[in-house]
């Protein structure tokens with residue numbers, strides 16, 4: 001991974017202490033730990049109105065406490081749908097014999113069809129993120145020729161790997177996410193306009 005990618009992951013709250021130049025991309029990704037979910041720049045303040053109504057008294061009496069609690073709530077490890085991306089690190093190997101998901105795409109799509117879209121010598125993948133919207137899965141090919149900054153691909157459970165989109169390099173993909181500070185500024189601006 002490039003230094004700028006490692007730094008971006010740190011800015012987003014990821015722990016990169018175990019990342020090493022001696023590891024391939026998949027090994028490095030599996031060594032990264034996020035203690036919370038991520039939100040993209042297009043996040044549309046999902047759930048803020050409800051949260052505000054529930055804690056309006058706290059907001060009126062102690063905004064510092066309100067925003068501290070709001071960050072803890074949104075950046076916790078929960079499954080409530082607030083438009084967040086869930087970091088993942090599992091493998092998908094539908095064309096590799098003797099794996100749990102071998103032949104999972106049988107009859108749906110052939111490996112050579114995926115190779116027309118995806119760069120890599122073997123069509124083995126690691127899932128980076130899951131999302132409640134469309135598309136809902138974001139992958140990197142583990143054999144991407146650029147192990148420092150691989151291409152991210154997306155697909156959706158409705159058309160799993162039958163439709164694949166190139167989302168750009170990992171570095172560009174990570175730029176779509178906001179830091180906790182940016183998240184907080186977005187909420188503050190929204191509540192300021194609301195009141």
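The values are calculated or read from the model by the stated rules, or taken from the named source; none is laboratory data. Worth saying up front: this structure is predicted, and the values here are computed from it rather than measured. Cβ: placed from backbone, ideal geometry, glycine included. Neighbour counts: every protein chain shown.
Worth pointing out:
- Of all residues making up the stretch 1-30, the number that are in a helix (DSSP H, G or I) and within 17 Å of residue 174 (Cα to Cα): 14
- When residue 75 is tested against (1) under 21 Å from residue 133 (Cα atoms); (2) surrounded by fewer than 16 Cβ atoms within 10 Å (Cβ to Cβ), exactly one condition is not met: (2).
- Evaluating residue 130 against the criteria (1) in a strand (DSSP E or B); (2) within 16 Å of residue 1 (Cβ to Cβ) leaves one unmet condition, (2).
- Sole exception among (1) without any contact (Cβ under 8 Å) to a residue 40 or more places away in the chain; (2) surrounded by 14 or more Cβ atoms within 10 Å (Cβ to Cβ) for residue 116, by number: (2)
- Residue in the stretch 82-92 that is farther than 19 Å from residue 150 by Cβ, out of contact with any helix residue (DSSP H, G or I) (no Cβ under 9 Å at 6 or more places or on another chain) and outside any loop (DSSP other than H, G, I, E, B) present: yes
- Per-region count, the stretch 20-48, residues free of Cβ contacts under 8 Å to residues at least 60 places away in the same chain, under 30 Å from residue 70 (Cβ atoms) and in contact with a helix residue (DSSP H, G or I) (Cβ under 9 Å, 6 or more places away or on another chain): 5
- Hits in the stretch 56-71 (condition: under 18 Å from residue 189 (Cβ atoms), more than 23 Å from the chain's Cα centre (by Cα) and either surrounded by 14 or more Cβ atoms within 10 Å (Cβ to Cβ) or touching a residue at least 40 places away in the same chain (Cβ under 8 Å) (or both)): 59, 66, 67
- Restricting the first member to the stretch 144-164 and to residues that are on the phi < 0 side of the Ramachandran plot, and the second to residues that are surrounded by 21 or more Cβ atoms within 10 Å (Cβ to Cβ) and at pLDDT below 95, the beta-carbon pairs closer than 9 Å and six or more apart or on different chains are 147/1; 148/1; 149/1.
- Test: residue in the stretch 59-71 that is assigned to a loop (DSSP other than H, G, I, E, B) and modelled with pLDDT of 95 or more: yes
- Here residue 129 does not qualify as modelled with pLDDT under 95 and within 25 Å of the chain's Cα centre (by Cα).
- For the stretch 148-185, the set of residues classified as assigned to a helix (DSSP H, G or I), out of contact with any helix residue (DSSP H, G or I) (no Cβ under 9 Å at 6 or more places or on another chain) and surrounded by 13 or more Cβ atoms within 10 Å (Cβ to Cβ) consists of 159, 173, 182, listed by residue number.
- The residue pairs whose first member lies in the stretch 83-109 and is at positive phi, whose second member is surrounded by 11 or more Cβ atoms within 10 Å (Cβ to Cβ) and in a loop (DSSP other than H, G, I, E, B), and whose beta carbons are closer than 6 Å, counting only pairs six or more residues apart or on different chains, are 83/43; 83/46.
- The set of residues from the stretch 163-195 being more than 23 Å from residue 34 (Cα to Cα) and out of contact with any strand residue (DSSP E or B) (no Cβ under 8 Å at 6 or more places or on another chain) comprises 188, 189, 190, 191, 192, 193, 194, 195.
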